[in-house]
Structure formats: C-alpha cells, structure tokens
Amino acid sequence: MKTLIKPNRLEWMSFLVIMPFICFVVNNLLFNSREFYDYRVWAFSFPVLYAFGIISWYMQVFIMHWLRWRFPRIEQTTIRLAILGLSHFAIISLTYISIFVFYDATNFLGYEMDPDKLRFALFFGIALTMIGTTMWESEYTLEKLRSSLL
C-alpha cells in the first residue's frame, strides 16, 4: 500500500519537467502578454497554478496506483486503462475549470472569463495528461512483462 501513495521517479520527473511549461501556457491564456511584463503574474499566478497542478497531478498518480493495485494483471490492462482515462479526463477538466472560474470569480489580477481560452486549456491539459499517462502506464506494463518473463 506504500507504493499506492508514493510517486515513482518517472512520475516525479515528468511533473517537474512539464509543470513549468503548463504554467507558462496557462498564464499566457489567462493574461496574454501581461505574462512578460507584469511581475504579479510570475509572483502570484505561477504559485497558484503550481498548487492546482500538484494537487491534480497527485490525484492522478494516486488513482493510477490504486488501479494498479486493484487491477494488477496484464489481462486487466483494458479495464485499468479505461477507468484511468476517464478519471484523468475528469480530474484535468475539474482542475482547469476550477482555475478559470476561481480567477474569474475573484477577478484575480484582473482576469475575466474567456470560454474559448478555457476550451483550449482543457484540450491542452487533456493532451498533456494523456501523454504523461501513456508514459507511466508503458513503464508499468513493460515492468510487468519483464517480471512475467523471469
């Protein structure tokens, strides 16, 4: 059960590499070019997005590890991936919608809701999540195949 809540090295590395990129893109969607000249975007919005990001990422990792514990066998891969895809889709959608609604409701740094930018952020977030999930699950599947050969 300890591995259920402890992200592995690949999971940590993927988060640490991709999260600055996500913050940059989302801040650009939220504030356009202000990201380049308004220090408040870097000082306040980046930490807020990082907080949302780490919570979202950890929820994804937790669910993924739980599913691996619940459906560990190779022949259970389809059900594990189906549930994983749906849960990651839901988590990312909830995260991005929460960010945009929170920023709009609080008028955070003068942000006003733009549904088109929210839609783009959702597609962007889901695409990156699926890439990360594919890497994480590929590593898991290869390890299972390797151990079954031994």
Is there any pair linking a residue in the range 104-124 that is in contact (Cβ under 8 Å) with a residue 12 or more places away in the chain to one that is not in a helix (DSSP H, G or I), with Cβ under 9 Å and at least six apart or on different chains, and which? L109/D38
What is the one condition in (1) open to solvent by less than 80 Å² (accessible area, probe 1.4 Å); (2) over 17 Å from L30 (Cβ atoms); (3) not hydroxyl-bearing (S, T, Y) that F100 does not satisfy? (2)
Just a yes or no: is a residue in the range 72-88 more than 21 Å from the chain's Cα centre (by Cα), of a type in the set (D, E, K, R) and not in a helix (DSSP H, G or I)? yes
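Given the residues T133, T141, T77, T95, which is the only one that is surrounded by 12 or more Cβ atoms within 10 Å (Cβ to Cβ), at pLDDT below 95 and closer than 20 Å to P20 by Cβ? Don't jump to the end; show me each part of the working.
Numbers: T141 fails: closer than 20 Å to P20 by Cβ; T77 fails: closer than 20 Å to P20 by Cβ; T95 fails: at pLDDT below 95.
Only one candidate qualifies: T133.
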List pairs: first in the range 72-90 and in contact (Cβ under 8 Å) with a residue 60 or more places away in the chain and under 20 Å from E143 (Cβ atoms), second open to solvent by 50 Å² or more (accessible area, probe 1.4 Å) and in a helix (DSSP H, G or I), Cβ under 6 Å, 6+ apart or cross-chain? I74/K144
Qualifying positions in the range 109-123 - closer than 17 Å to V25 by Cβ and of a type in the set (D, E, K, R): D114, D116, K117, R119
Could you list, in sequence order, the residues of the range 50-71 that are among the basic types (K, R) and either in contact (Cβ under 8 Å) with a residue 60 or more places away in the chain or buried (at least 16 other Cβ atoms within 10 Å of the Cβ) (or both)? R68
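Rundown of residues vs (1) farther than 30 Å from S147 by Cβ; (2) among the charged types (D, E, K, R); (3) in contact with a Lys or Arg (Cβ under 6 Å, 6 or more places away or on another chain), yes/no style:
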| site | (1), (2), (3) |
| --- | --- |
| I18 | no, no, no |
| S33 | yes, no, no |
| I54 | yes, no, no |
| D104 | yes, yes, no |
| D114 | yes, yes, no |
| A121 | yes, no, no |
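The values are calculated or read from the model by the stated rules, or taken from the named source; none is laboratory data. As the structure is a computational prediction, the values presented were derived from the model and not from experiment. Ideal geometry is used to build each Cβ from the backbone, glycine not excepted, and the neighbour counts take in all protein chains shown. Each accessible area value is taken on the protein alone, full model and side chains, heavy atoms only, with ligands, DNA and RNA left out. Shrake-Rupley method; radii C 1.70, N 1.55, O 1.52, S 1.80 Å.
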